[in-house]
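Engineer: Provided herewith is a single structure, encoded as structure tokens, for subsequent inquiry.
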Amino acid sequence: MSEIPERQEVVELAKRRGYLYPSFEIYGGVSGFWDYGPLGTSLKNAIVGSWRDMYVVRHGYEEIETTTIGKEDVYEASGHADGFSDALASCPECGTFFRADHLVEDHTDIENADGMPKERLAEILADEGVPCPSCGATLDNARVEEFNLMFETNIGPGTARKGYLRPETAQGIFVDFQRLKRYYRESLPFGVTQVGRAYRNEINPRQGIVRLREFQQAELEYFKRPDDEIDVSPVEDVEVRLYPVEEQEDDDGEPFVTTVGEAVEDGVIESETIAYFVGRSQEWYESIGIDPDRLRFRQHLPDERAHYASDCWDGETLTTFGWIEVNGIADRADYDLRKHAEYSGEEMGVWQEYDEAVVREETVADPDMSVLGPEFGGAAGGIADALREKARDEPEAFEGDEVSVTVDGEAYTVSTDAAGFERREVRETGENVLPQVIEPSYGLDRIVYSVIEHSYDEDVIDDEERTVLRVPPKVAPFDAAVFPLVSKDGLEEHAREIEEKLRQAGMRVKYDGSGAIGRRYRRHDEIGTPLAVTVDYDTKEDGTVTLRDRDTTDQWRVEKDEIIEEIESVVEGDG
Ligand code: GAP
């Protein structure tokens with residue numbers, strides 16, 4: 001494992017070099033909001049590009065884009081309006097707000113207090129004499145209440161129509177499901193992806209870019225029949241570090257390394273589809289620069305799961321903030337589609353043809369109203385409904401000449417002929433099935449930050465210390481930097497010409513002509529630029545340039561015409 005850097009150094013580099021900026025800094029900033037500078041935007045876009053390449057291109061899980069503001073109904077149905085909250089503790093002395101579960105975790109041996117009832121959290125705060133982190137007063141009388149994390153808004157003028165900023169991109173996919181299932185011609189399984197912003201009014205986000213109030217997610221909703229599973233064989237040999245519930249609950253338990261195939265065979269990961277996405281996530285994380293020694297997949301403890309999940313494995317990276325959740329792979333079963341079907345009254349099931357038609361007997365009543373009307377007057381309608389129900393549930397009651405039903409506590413007897421009872425054969429060719437959903441959901445900001453931390457390195461070159469960001473070339477903010485050795489004697493023009501040629505070849509390049517050449521190398525080592533192209537006096541003579549590799553600092557000369565090929569081999573060689 002490479003050495004874990006100091007957080008301050010990483011954050012400073014990220015700010016200084018244009019990766020991350022605190023939002024609205026000139027107005028004092030607000031915690032939980034960060035902007036991406038030019039390099040951060042480039043890195044994030046490259047990471048998103050590689051995520052799309054994995055899921056949208058290679059798996060065919062097509063992408064949609066839905067609104068970030070949702071009608072209140074959506075979040076009432078999804079359960080977020082009621083259940084998407086954290087326990088809020090407020091200090092009775094200074095009035096500062098905190099997450100009660102975090103206070104408990106920080107001051108006791110309890111490792112995971114998320115999901116504990118608020119009464120229990122208040123009890124622990126009092127029993128343990130937990131002090132307010134802001135003023136030091138003890139929190140024995142602190143109020144602990146549920147605080148809903150969704151940002152509310154009004155749609156249109158006035159307050160009549162309430163809306164919420166989406167807390168996850170997923171709901172947009174579920175809400176559009178009726179159209180999506182038709183788009184996919186009702187053919188399960190299929191996957192739908194979405195990349196976009198999500199909003200959570202986090203209580204006291206003090207963890208920099210790790211806990212944000214506005215952040216970006218890349219989510220996949222994989223819709224399948226209950227017994228469909230993705231075959232894990234393409235990833236069966238991928239090594240993963242797993243931390244299942246049993247290990248977490250055992251005092252001597254530890255995460256352990258195994259392969260995806262073995263994890264399925266040994267029943268460590270019950271769902272083959274979840275295991276498949278764990279394998280794909282592992283491969284992808286490694287390809288974008290996450291250190292495999294600082295990556296694990298931890299299963300949620302039962303009281304930690306979201307209101308919609310029946311099982312969940314989180315991808316976690318080890319950073320200077322400790323282990324942080326970068327993605328979750330959850331089994332949402334049919335929870336969301338069932339809820340939206342219930343609340344909207346719309347059909348969310350997918351029509352599934354049987355392999356062979358099923359023939360079954362159906363019993364029905366078709367009461368003759370010309371008999372029932374004159375005989376029973378105003379009660380006839382109720383009697384007819386009761387007969388239909390009875391024909392379905394108790395067909396044997398129609399075996400005699402008469403049948404009795406009770407309507408509003410009153411018993412009526414009807415002749416079986418008037419009831420119009422019939423047994424008939426029905427041929428069924430299929431049925432509507434509510435798909436099950438497996439959801440790999442990735443938090444892009446945490447992934448970007450983890451890539452920066454895991455790529456950060458310091459070494460000594462020619463007795464000089466340097467900082468180098470060893471981001472894989474395929475996600476590095478630039479493919480190459482172009483330098484003139486000096487800014488005179490026509491070297492600049494040559495360098496500009498090369499810069500332009502590389503740009504027109506679709507490469508991300510940075511021209512840098514200021515400062516001594518050594519300083520420029522260091523600057524681009526820090527930025528993470530994998531290759532530097534230096535134009536010197538020999539370039540004018542023989543048309544060659546110097547290429548320098550960021551990681552090894554090796555230098556070699558190539559013909560001007562070969563630069564593109566050389567850069568491509570570095571970027572593509574990276575995988
Ligand atoms: N649709 C499922 C869902 O939203 P989640 O575990 O709540 O699940 C998914 O969020 C990912 O989003 C997390 O794994 C995490 O990386 C990221 N995330 C969640 N809350 C965040 C926050 N406040 N700041 C930054 N990233 C966050």
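Engineer: Within the stretch 443-490, which residues are in a loop (DSSP other than H, G, I, E, B), of a type in the set (Val, Ile, Thr) and modelled with pLDDT of 95 or more? If you could, list the steps in order and put the result at the bottom.
Structural biologist: Looking only at the stretch 443-490, we keep the residues that are in a loop (DSSP other than H, G, I, E, B), and these are 462-463, 470-479, 485-490.
Cutting the leftovers down to of a type in the set (Val, Ile, Thr) gives us 471, 475, 486.
If the condition is that a residue be in a loop (DSSP other than H, G, I, E, B), of a type in the set (Val, Ile, Thr) and modelled with pLDDT of 95 or more, then Val471, Val475 are the ones that fit.
Engineer: Criterion first (farther than 25 Å from Leu220 by Cα, assigned by TED's automatic domain parsing to the domain that holds Lys540 and not hydrophobic (A, V, I, L, M, F, W, C)) does Glu464 satisfy it? Lay out the reasoning, then the answer.
Structural biologist: Values: farther than 25 Å from Leu220 by Cα: yes; assigned by TED's automatic domain parsing to the domain that holds Lys540: no; not hydrophobic (A, V, I, L, M, F, W, C): yes.
Answer is no for this residue.
Yes or no, residue by residue, for (1) more than 30 Å from Asn327 (Cα to Cα); (2) open to solvent by less than 40 Å² (accessible area, probe 1.4 Å); (3) without any contact (Cβ under 8 Å) to a residue 12 or more places away in the chain; (4) in a strand (DSSP E or B):
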site: His340; (1), (2), (3), (4): no, yes, no, no
site: Glu347; (1), (2), (3), (4): yes, no, no, no
site: Gln352; (1), (2), (3), (4): yes, yes, no, yes
site: Leu372; (1), (2), (3), (4): yes, yes, no, no
site: Glu428; (1), (2), (3), (4): yes, no, no, yes
site: Pro440; (1), (2), (3), (4): no, yes, no, yes
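Engineer: How many residues are buried (at least 18 other Cβ atoms within 10 Å of the Cβ), outside any strand (DSSP E or B) and of a type outside the set (Gly, Ala, Ser) when one looks only at the stretch 286-304?
Structural biologist: Kept after step one, since they are buried (at least 18 other Cβ atoms within 10 Å of the Cβ), are these residues of the stretch 286-304: 288-291, 294-300, 304.
Now narrow it down to the ones that are outside any strand (DSSP E or B): 288-291, 294, 300, 304.
In the following step, the residues that additionally are of a type outside the set (Gly, Ala, Ser) were identified as 288, 290-291, 294, 300, 304.
Number of matching residues: 6.
Engineer: Further question on the same structure: Testing Leu125 on (1) hydrophobic (A, V, I, L, M, F, W, C); (2) part of a loop (DSSP other than H, G, I, E, B); (3) farther than 30 Å from Thr273 by Cα, one condition comes back false. Which one is that?
Structural biologist: Of (1) hydrophobic (A, V, I, L, M, F, W, C); (2) part of a loop (DSSP other than H, G, I, E, B); (3) farther than 30 Å from Thr273 by Cα, only one is false for Leu125: (2).
Engineer: Kindly list, by first and then second residue, each pair from a residue in the stretch 65-87 that is within 30 Å of Ala113 (Cα to Cα) to a residue that is open to solvent by 80 Å² or more (accessible area, probe 1.4 Å) and among the hydroxyl-bearing types (Ser, Thr, Tyr), limited to pairs with Cβ atoms under 9 Å and residues at least 6 apart or on different chains.
Structural biologist: Val74/Tyr343; Glu76/Tyr343; Ala77/Tyr343; Ser78/Tyr343
Engineer: For the stretch 21-34, what are the residues that are surrounded by 15 or more Cβ atoms within 10 Å (Cβ to Cβ) and of a type outside the set (A, V, I, L, M, F, W, C)? Walk me through how you get there before you give the answer.
Structural biologist: At the first step, the residues of the stretch 21-34 found to be surrounded by 15 or more Cβ atoms within 10 Å (Cβ to Cβ) are 21-23, 31-34.
Passing the criteria: Tyr21, Pro22, Ser23, Ser31, Gly32.
Engineer: Could you pull out the residue among Val175, Val238 that is free of Cβ contacts under 8 Å to residues at least 60 places away in the same chain, crowded, with 18+ Cβ neighbours inside 10 Å and of a type in the set (A, V, I, L, M)? Let's see the steps before the verdict.
Structural biologist: On the way: Val175 fails: free of Cβ contacts under 8 Å to residues at least 60 places away in the same chain.
Testing whether each residue is free of Cβ contacts under 8 Å to residues at least 60 places away in the same chain, crowded, with 18+ Cβ neighbours inside 10 Å and of a type in the set (A, V, I, L, M) leaves just Val238.
Engineer: Any residue at all in the stretch 461-469 that's of a type in the set (A, V, I, L, M), within 15 Å of the ligand (Cβ to nearest atom) and in contact with a strand residue (DSSP E or B) (Cβ under 9 Å, 6 or more places away or on another chain)?
Structural biologist: Filtering the stretch 461-469 for residues of a type in the set (A, V, I, L, M) gives 461, 468-469.
Among the residues that remain, those that are also within 15 Å of the ligand (Cβ to nearest atom) are: none.
Scanning the stretch 461-469, I find no residue that is of a type in the set (A, V, I, L, M), within 15 Å of the ligand (Cβ to nearest atom) and in contact with a strand residue (DSSP E or B) (Cβ under 9 Å, 6 or more places away or on another chain), so the answer is no.
Engineer: Quick check: is even one residue across the stretch 73-80 within 21 Å of Ala309 (Cβ to Cβ), in a loop (DSSP other than H, G, I, E, B) and in the same structural domain as Ala160 (by TED's automatic domain parsing)? Reasoning before the result, please.
Structural biologist: Initially, the stretch 73-80 is screened for residues within 21 Å of Ala309 (Cβ to Cβ), giving 74-80.
Now drop any that are not in a loop (DSSP other than H, G, I, E, B), which leaves 79.
Add one more test, that the residue is in the same structural domain as Ala160 (by TED's automatic domain parsing), and what stays is 79.
Yes: one or more hits.
Engineer: Is it the case, given these coordinates, that Arg52 is among the basic types (Lys, Arg), modelled with pLDDT of 95 or more and out of contact with any Ser or Thr (no Cβ under 7 Å at 6 or more places or on another chain)? Working first, answer last.
Structural biologist: Values: among the basic types (Lys, Arg): yes; modelled with pLDDT of 95 or more: yes; out of contact with any Ser or Thr (no Cβ under 7 Å at 6 or more places or on another chain): yes.
Judged against the criteria, Arg52 is a match.
Engineer: Given the conditions (1) touching a residue at least 24 places away in the same chain (Cβ under 8 Å); (2) outside any loop (DSSP other than H, G, I, E, B); (3) touching a strand residue (DSSP E or B) at 6+ places or on another chain (Cβ under 7 Å), report the number of the one that Val264 does not fulfil.
Structural biologist: Of everything listed in (1) touching a residue at least 24 places away in the same chain (Cβ under 8 Å); (2) outside any loop (DSSP other than H, G, I, E, B); (3) touching a strand residue (DSSP E or B) at 6+ places or on another chain (Cβ under 7 Å), Val264 misses just condition (3).
Engineer: Another one. For residues that are away from the ligand (no atom under 14 Å from the Cβ) and touching a residue at least 60 places away in the same chain (Cβ under 8 Å), tally how many sit in the stretch 290-300.
Structural biologist: Counting residues in the stretch 290-300 that are away from the ligand (no atom under 14 Å from the Cβ) and touching a residue at least 60 places away in the same chain (Cβ under 8 Å) gives 3.
Engineer: Could you please find all residues in the stretch 35-66 being farther than 30 Å from Pro234 by Cα, open to solvent by less than 60 Å² (accessible area, probe 1.4 Å) and not in a helix (DSSP H, G or I)?
Structural biologist: Here is the first cut: in the stretch 35-66, the residues farther than 30 Å from Pro234 by Cα are 35-42, 66.
If we keep only those that are open to solvent by less than 60 Å² (accessible area, probe 1.4 Å) as well, we get 36-37, 39-42, 66.
Listed by number, the residues that qualify are Tyr36, Gly37, Thr66.
Engineer: Scan the stretch 193-220 for residues that are more than 9 Å from the ligand (Cβ to nearest atom), part of a loop (DSSP other than H, G, I, E, B) and basic (Lys, Arg) and jot them down.
Structural biologist: Hit for the stretch 193-220 is Arg206, nothing else.
Engineer: Please go through the stretch 178-209 and pick out each residue that is of a type in the set (Phe, Trp, Tyr) and open to solvent by less than 60 Å² (accessible area, probe 1.4 Å).
Structural biologist: Matches in the stretch 178-209: Tyr184, Phe190, Tyr199.
The values are calculated or read from the model by the stated rules, or taken from the named source; none is laboratory data. Keep in mind it's a predicted model, so treat the numbers as computed, not measured. When we count neighbours, we look across all protein chains shown, and the Cβ atoms used for this are built from the backbone with ideal geometry, even at glycine. Please note that ligands, DNA and RNA were not included when accessible areas were found on the heavy atoms of the full protein model with its side chains. Shrake-Rupley method; radii C 1.70, N 1.55, O 1.52, S 1.80 Å.
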